[in-house]
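Report on one structure; see the data block that follows.
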Amino acid sequence: MEQKTVRGRFAPSPSGRMHLGNIWSGLLAWLSARSAGGEMVLRLEDLDPDRCTRAWCDQVMRDLEWLGLTWDNEPVYQSERTEVYAQAFHALEEQGLIYPCYCTRAERLAASAPHRSDGQTIYDGRCSQLTEGEREVLSQTRRPAWRVKVGQESITFCDLLHGKYKEDLKTDCGDFILRRSDGVYAYQLAVVVDDAAMGVNQVVRGSDLLSSTPRQIYLQRLLGLPEPEYGHVPLLLSADGRRLAKRDRDQELGELQSRYTAPELLGRLAHRAGLIPEPAPITAQELIPLFSWEKLPREDLKMEKF
Ligand code: GLU
């Protein structure tokens with residue numbers, strides 16, 4: 001049987017410098033695709049005009065180049081693809097699955113069942129019950145966000161690292177937002193449309209996005225798009241157990257570059273990933289034959305010092 005070429009992707013949000021956490025997941029995504037002889041494409045997730053700039057997009061590309069993490073084809077900018085997201089949104093509208101939600105943030109929280117363990121709220125669907133008249137009144141003072149209805153079905157997929165993962169959308173998530181009240185299309189919609197348009201068949205990213213995957217698979221099914229394979233890699237945590245974020249300045253690539261060469265940085269990460277026995281300098285290319293999913297840790301990693 002002919003084997004399909006793996007096509008992975010980088011999907012950074014260019015709202016600042018790369019930091020250790022996204023270098024880690026980017027490296028593993030790249031190694032997974034390259035070690036399978038596959039391709040890697042780059043998508044700049046610059047949908048949010050308040051947070052993302054072209055200057056940060058350029059910086060992310062320079063950072064990936066510095067690390068030796070190459071990509072194929074021209075980069076794709078989400079900010080240029082609003083039309084394509086609008087088409088997908090309308091296709092779902094035509095299926096009768098979209099409704100306006102007038103809840104303010106405070107009301108949304110009140111309208112939600114208790115948080116899940118990952119902090120996400122479960123919307124109870126109250127705005128789907130509004131009459132046309134009620135909608136008309138509300139729309140005089142508020143601009144709605146737009147939600148997609150979810151059904152009773154459960155979504156199951158097999159993660160490359162975590163194995164079988166299952167979610168019942170109705171009880172674990174609820175109807176979710178596809179378009180914000182300011183008109184910006186939501187990440188969940190854009191990512192599904194773009195992964196398909198870019199021919200991505202392998203998605204490797206941080207395990208903070210594991211619980212987004214059932215929603216994305218749900219949208220793929222509604223839109224008739226292929227389902228990529230998924231691998232959610234453990235997160236790097238700070239010494240006190242928090243997820244590394246952009247505010248951890250000492251973990252930002254600009255700061256890391258003053259302490260390490262690219263091979264030194266990669267060597268330390270590859271060691272944490274279980275790919276090399278010592279944290280010795282190594283290039284991205286040299287790591288390709290050493291990668292395997294079996295070697296990767298399953299649990300999030302605390303970075304005592306880096
Ligand atoms: N843009 C997201 C981030 O930087 C990643 C989205 C994804 O991999 O699906 O966290």
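Distant-in-sequence amide contacts of Val41, defined by a placed amide H-H separation under 5 Å and a gap of 5 or more residues or a different chain, comprise Gly8, Arg9, Phe10, Asp72.
For the stretch 123-196, the gyration tensor built on C-alpha atoms gives an oblate shape. Its axis ratio a/c (a ≥ b ≥ c) is at least 1.5, and a/b is not larger than b/c. Note on Thr283 and Glu255: with the Förster distance fixed at 25 Å, the Cβ-Cβ geometry gives a FRET efficiency of about 0.70. The residues packed around Val6, meaning those with a beta-carbon under 12 Å from its beta-carbon, carry a net charge of +1 if Lys and Arg are +1 and Asp and Glu are -1.
Placing +1 on the Cβ of every Lys and Arg and -1 on the Cβ of every Asp and Glu, with no other charges, gives the chain a dipole of roughly 540 debye about its Cα centre. Basic side chains Lys and Arg get +1 at the Cβ, acidic Asp and Glu get -1 at the Cβ, and with that the dipole of the stretch 117-237 about its Cα centre reaches some 240 debye. Across all Cα atoms of the stretch 1-62, the radius of gyration (one decimal) and Dmax (whole number) stand at 13.6, 48 Å. Of Gln202, Gln120, Gln129, the residue with the greatest mean-square motion in the GNM of the chain, using alpha carbon springs below 10 Å, is Gln129.
Annotation: cysteines of the chain without a disulfide-compatible partner (Cβ-Cβ under 4.7 angstrom) are Cys52, Cys57, Cys103, Cys158, Cys173.
DSSP assigns beta bridges within the chain; of those with both partners inside it, close to 60 percent run antiparallel. Think of each Lys and Arg Cβ as +1 and each Asp and Glu Cβ as -1; about the Cα centre, that makes the dipole of the stretch 1-95 roughly 420 debye. For the stretch 221-287 versus the stretch 150-186, the spacing of their alpha-carbon centroids is 26 Å.
Label reach from Glu294 (point 7 Å along Cα→C-beta): in the stretch 142-182, amide nitrogens under 15 Å belong to 161. One compactness figure for the chain is 1.05, namely its Cα radius of gyration divided by 2.2 N^0.38 Å. Taking a straight line from the alpha carbon of Lys305, these lysines sit under 19 Å away, with near neighbours fewer than eight places off in the same chain left out: Lys246. Label reach from Leu301 (point 7 Å along Cα→C-beta): in the stretch 16-53, amide nitrogens under 13 Å belong to 20-29. Summary of the geometry: the stretch 3-73 and the stretch 81-103, compared by the centres of their Cα atoms, lie 28 Å apart. Give the angle, between 0 and 90 degrees and rounded to the nearest 10, that separates the Cα long axis of helix 20-35 from the longest principal axis of the Cα atoms of the chain. With both axes taken from Cα atoms, the answer is about 80 degrees. Count Lys and Arg as plus one, Asp and Glu as minus one, and take only other residues whose Cβ is under 13 Å from that of Leu301; the net charge is then +4.
Checking the cross-link pairs Lys164/Lys295; Lys166/Lys295; Lys4/Lys295; Lys149/Lys302; Lys4/Lys302 against a 28 Å limit on the alpha carbon distance flags Lys149/Lys302; Lys4/Lys302 as lying beyond it.
Between Asp168 and Thr70, the modelled labels are 4.9 nm apart [label points 7 Å from Cα along Cα→Cβ]. The calculated 222 nm mean residue ellipticity attributable to helices in the chain amounts to -10000 deg cm²/dmol, summing -39500 (n - 2.57) over DSSP H runs of n ≥ 4 and dividing by all residues.
A short reminder: the numbers here are calculations on the coordinates, not readings from a lab. These numbers come from a predicted model, not from an experiment. Please note: Cβ atoms are built from the backbone with ideal geometry, for glycine as well, and neighbour counts cover all protein chains shown.
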